[in-house]
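The values are calculated or read from the model by the stated rules, or taken from the named source; none is laboratory data. All values derive from a computational prediction rather than experimental measurement. Note that each Cβ is placed from the backbone with ideal geometry, even for glycine, and that neighbours are counted across all protein chains shown. SASA here: full protein model, heavy atoms, side chains in, ligands and nucleic acids out. Shrake-Rupley method; radii C 1.70, N 1.55, O 1.52, S 1.80 Å.
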Amino acid sequence: MIVETKDLTRLYHLGSSRITAVYKANLKIEEGGIVSIVGPSGSGKTTLLNLIGLNDKPTSGEIFFRDRKTSSIPDKERRKIRLRDMGFIFQTFNLLPTLTALENVELPMALLGIPQETQRTQAVERLKSVGLAERLEHKPRELSNGERQRVAIARALANNPSLILADEPTGELDSETGQEIIDLLLNLSKKETTTVIVATHDERVAKVSQVKLSIKDGEITN
Amino acid sequence: MRITVMCFRNLLRRRLRTTLCIFGISLATVFIVAIGATTTHYTQVIRDMNIFFTGKIVAVPEGAMVVQGFPVVGGNIPQNIIEEIKQIEGVEAAVPMLVRFGYQIEAIVQLAPSNITIGVPYGNWSMLVGATPLEPGGNWPSERDEVVLGQSIAAQYGLKVGSTLPVKDMNKTMHILTVSGILDSRSALLLRGIIIPLEMARRLHYENPDVTWKGNMVVVAFESGLKEEEIAERIRAETRGIEALTTDLRNEIVEPLLSDIETWNAGITSVLYALSMVLITLVAMINISERRRDFATLDAIGAPKRTVLRMVVTEILFIGLIGSIIGIVVGSFSAVLFASQYTNIPLSLFLSNIFEIVTPWLIVRVLVSTVAVATLAGLVPALAATRINIAEGLRSEY
Ligand SMILES: Nc1ncnc2c1ncn2[C@@H]1O[C@H](COP(=O)(O)OP(=O)(O)O)[C@@H](O)[C@H]1O
Ligand SMILES: [Mg+2]
């Protein structure tokens, strides 16, 4: 069990109104394979991923990461976990604009204190594996959306995480490029002992996943 | 290492903003340095004058305006008063001097009022200059038409021992003075000093040199063991229309003025620092708010808090440092330019002594202050940046 949630709830208070982004989600996610979370826009997918990824704290309920209760983990260690054990892929890529493709991929390794030389060879390796051997020195703004998302995937893989969290990774891409990204994620879940959780409303992503969860108005419906 | 690279690239990416901010900081620093150096130098020049006549009493006509030992404006002292002072118990010597600020040496170039001509009776030179020597090869005047010059004036007009100097007296009669010596002193006043025999000074400054006026000040030396204040009291009591100034009194006259100048300087400097701080904070806030998503991304991939903190502070420090260095360089030259204006010492002479005006201490102080101000100004936005909620930061539109 890599991730387990118990009655996971996240509320937002906007003035006097209360928005239920995630409500009493009970998930058990086993190691390996792709888990898709499918739901319309505004259903709570991003909120759920942020909670699982320790980017956010629940209003109530509990998240267990590798059977460890996460509510009691201090901020500093939560960052360590994110850095070492998790990789994030965002809908809008979120690459750092001033760094080259290579440097963006090296960054998580640098933050982990991996020697410069190793960073370089491994980052090149990662970028090659997503088909970007020719784009190492390019800045994000010099890359196409598809290429940006590949860099983002390479970055997410930088520290060999056991959990990849992808938030609508094909959302900004045309269908052909989207398919390429789906193939990459699929490969990934096969090759490495990696669990991929993908939030999406792309049916093609849902199709290739081993586990398909649906979410609506913050509630997991299956 | 990569953090620093990111900072520099971000500054380069926002070239106009970075340049403007650096320009703003430089501008503030230029004024801080220029005003600071100028006032420090100016007050130093005035304090310097206080080295004259220490332990002696300076007697001037009542109502004379005195800066340290020297009457700037005021009347003259006749022979009989000097005789009266000499008669006072305890007085050893009463040496009249004729001081004029801003005497013009015609036929050369007009000199600014910061020149000071001092007429001193033969043999009493040390009453004025103490142990200050002359440059090798020089002599104190032994003839009425001989003159000793300060280094700055001599250099400015290319005068050496033996050079001649035509001057006009009050009746437009020409006198040719010969330079007999150059003072070897860096005192601000002596640098611009023109020391001539009292006899010649009287001829130059009084329309009728036969008047009984001997000068406009009297330097009074007294027997050791006596109190300055005591002798001053006797002079006041036994002469009429004369003010006797002790060393302390002479300081008291000028201290309020100097401290006013320094207060103004401190006030202006504080305002400039405050403005710099506002500017830096503003730019830091803009830099941060447009990068909320980048910082949130860094947070999401697990960067420690200090990464963001370091980024913001490094950028700001860089701006502050570059700004203050440019400001110090430009400000130093401006200060020298000002100083050259108000002392009328030529720029070329000043430039070689730039650190006498812009002291290393001032430079260090400005650098340290600017860095401190920048850090302080950057720290608040930087701390705010580390508090950006990750989930919210990731959603931001930038
Ligand atoms: N920071 C926030 N403040 C207020 N409401 C929020 C915030 N984040 C998300 N929400 C709301 O929570 C709900 C779920 O949002 P989100 O998780 O982004 O959905 P999805 O990713 O499925 O589109 C939405 O109604 C959204 O408006
Ligand atoms: Mg979303």
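Report, in deg cm²/dmol and to the nearest 500, the calculated mean residue ellipticity at 222 nm for chain B, where each DSSP H run with n ≥ 4 adds -39500 (n - 2.57) and the sum is divided by the residue count.
Result for chain B, helices only: -18500 deg cm²/dmol.
I'd like the accessible area for B:PHE53, computed on protein heavy atoms only with a 1.4 Å probe and all protein chains in place. Round to 10 Å², please.
10
Would you mind classifying the stretch A:126-191 by shape? Square roots of the alpha carbon gyration tensor eigenvalues, ordered a ≥ b ≥ c; an a/c under 1.5 is rounded, otherwise it is prolate if a/b is larger than b/c and oblate if not.
Oblate.
How much of the accessible area of the protein assembly as shown, in percent, comes from carbon and sulfur atoms when a 1.4 Å probe is used?
With neighbouring chains kept in place, the figure for the protein assembly as shown is 56 percent.
What nm value, rounded to one decimal, do you get for the distance between B:ASN80 and B:ARG144 when each label is placed 7 Å out toward the C-beta?
2.5
Given contacts defined as C-alpha pairs under 8 Å and at least six residues apart, what's the relative contact order of the stretch A:3-220, whole-number percent?
The value is 32 percent.
Just how far, in whole angstrom, is the stretch B:1-65 from the stretch B:351-398 if you go by their alpha carbon centroids?
18
Using a 10 Å cut-off around each Cβ of peptide A:49-55, what is the average number of partner chain Cβ atoms that fall inside?
Taking the mean over all residues of the peptide, I get 4.
For B:LYS214, A:LYS57, what's the largest-to-smallest order of accessible area, 1.4 Å probe?
A:LYS57, B:LYS214
What helices does chain B have that are whole DSSP H segments, at least 20 Å long along their own axis by Cα, and with mean Kyte-Doolittle hydropathy of 1.6 or more?
B:360-386
What angle do you read, to the nearest 10 degrees and between 0 and 90, between the alpha-carbon axis of helix A:101-112 and the longest principal axis of chain A?
60
Quick one: work out the % antiparallel among DSSP beta bridges in the stretch B:97-248, nearest 5.
Taking every DSSP beta bridge with both residues in the stretch B:97-248, the antiparallel ones total about 60 percent.
Rounding to the nearest 20 debye, state how big the charge dipole of the stretch B:63-240 is about its Cα centre with +1 on each Lys and Arg Cβ and -1 on each Asp and Glu Cβ.
Computed about the Cα centre, the dipole is about 580 debye.
So what's the angle, to the nearest 10 degrees on a 0 to 90 scale, between helix A:75-85 and the longest Cα principal axis of chain A?
Roughly 60 degrees, rounded to the nearest 10.
To the nearest 20 debye, what is the magnitude of the charge dipole of the stretch A:164-217 about its Cα centre, counting +1 on the Cβ of each Lys and Arg and -1 on the Cβ of each Asp and Glu?
Charge dipole of the stretch A:164-217: 400 debye, to the nearest 20.
Only protein chains counted, 1.4 angstrom probe. Which residues of the stretch B:274-302 are at least 40 Å² less accessible in the assembly than when their chain is isolated?
B:ARG293, B:ASP294, B:THR297, B:ALA300, B:ILE301, B:GLY302
Normalised radius of gyration for chain B, please: alpha carbon Rg relative to 2.2 N^0.38 Å, two decimal places.
1.39
Angle check, please: helix A:116-129 long axis (alpha carbons) against the longest principal axis of chain A (alpha carbons), in degrees 0 to 90, nearest 10.
80
Leaving out ligands, DNA and RNA, calculate the buried accessible area for the pair B and A with a 1.4 Å probe, summed over both sides, in Å² to the nearest 100.
Its buried surface, counting both partners, is about 2200 Å².
Mind checking the alpha-carbon convex hull of chain A and giving the volume per residue in Å³?
127
Before anything else, pin down the relative contact order of chain B: Cα pairs under 8 Å, at least 6 apart, normalised by residue count, whole percent.
RCO, chain B: 27 percent.
When the Cα centres of the stretch A:85-110 and the stretch B:271-348 are compared, how far apart do they sit, in Å?
What the calculation gives is 29 Å, centre to centre.
Residues of the stretch A:57-89 losing 50 Å² or more of accessible surface, assembly versus chain alone, probe 1.4 Å, please list them.
Checking the loss per residue gives A:ARG79.
With a ≥ b ≥ c taken as the square roots of the eigenvalues of the C-alpha gyration tensor of the stretch B:129-224, please select rounded if a/c is under 1.5 and otherwise prolate if a/b is larger than b/c or oblate if it is not?
oblate
Work out which residues of the stretch B:1-36 lose at minimum 30 square angstrom of accessible surface when the other protein chains are put back, relative to the chain isolated, with a 1.4 angstrom probe, and list them by number.
B:ARG2, B:MET6, B:ARG9, B:ARG13
Report the charge-dipole magnitude of the protein assembly as shown in Debye, nearest 20, computed about the Cα centre from +1 at each Lys and Arg Cβ and -1 at each Asp and Glu Cβ.
Using Cβ point charges on Lys, Arg, Asp and Glu, the protein assembly as shown gives about 2940 debye.
For chain A, what does -39500 (n - 2.57) per DSSP helix run (n ≥ 4), summed and divided by total residues, give at 222 nm, in deg cm²/dmol to the nearest 500?
-11000 deg cm²/dmol
I want to verify the translational diffusion coefficient of the stretch B:236-360 in µm²/s; compute it with Stokes-Einstein, Rh as the Kirkwood radius over Cα pairs, at 37 °C and 0.692 mPa s.
166
Tell me, what ³J(HN,Hα) does each residue in the stretch A:213-222 have, in order and in whole Hz, if you take phi through Karplus 6.51 cos²θ - 1.76 cosθ + 1.60 with θ = phi - 60° and put x for Gly and Pro?
For the stretch A:213-222, the Karplus-derived couplings read 10, 10, 10, 8, 6, x, 10, 6, 9, 9 Hz, x marking Gly and Pro.
Could you do me a favour and compute the accessible area per residue for the protein assembly as shown, 1.4 Å probe, result in Å²?
For the protein assembly as shown, the solvent-accessible area averages 45 Å² per residue.
Please compute the length gained on full extension between B:LEU383 and B:LEU282, using 0.36 nm multiplied by the number of residues separating them and subtracting their Cα-Cα distance.
Full extension of this stretch gives 34.9 nm more.
Once you sort the root eigenvalues of the Cα gyration tensor of the stretch B:351-398 as a ≥ b ≥ c, which label holds: rounded (a/c under 1.5), prolate (a/b larger than b/c) or oblate (the other case)?
prolate
Could you compute how much accessible surface B:VAL148 exposes when probed at 1.4 Å, giving the result in Å² to the nearest 10?
0
Taking the stretch B:297-398 as the region of interest, what is the percent of Cα-Cα pairs per 10 angstrom bin, listed from the shortest bin to the one with the maximum distance?
Computed distribution, short to long bins: 14, 30, 21, 15, 11, 8, 1.
From the cross-link list B:LYS86/B:LYS172; A:LYS28/A:LYS216; A:LYS45/A:LYS139; A:LYS57/A:LYS216, which pairs have alpha carbons spaced over 26 Å apart?
Checking Cα-Cα distances, B:LYS86/B:LYS172; A:LYS45/A:LYS139 exceed 26 Å.
Just the accessible area for B:TYR273, please: 1.4 Å probe, Å², rounded to the nearest 10?
Using a 1.4 Å probe on the heavy atoms, I get roughly 40 Å².
What list of ³J(HN,Hα) values in whole Hz, one per residue of the stretch A:147-161 in order, does the Karplus curve 6.51 cos²θ - 1.76 cosθ + 1.60 (θ = phi - 60°) give from phi, with Gly and Pro shown as x?
Along the stretch A:147-161, the couplings run 5, 4, 5, 5, 4, 4, 5, 4, 5, 4, 8, 3, 9, 6, x Hz.
Return the whole-Å distance between the Cα centroid of the stretch B:138-171 and the Cα centroid of the stretch A:143-205.
Distance between centres, Cα-based: 90 Å.
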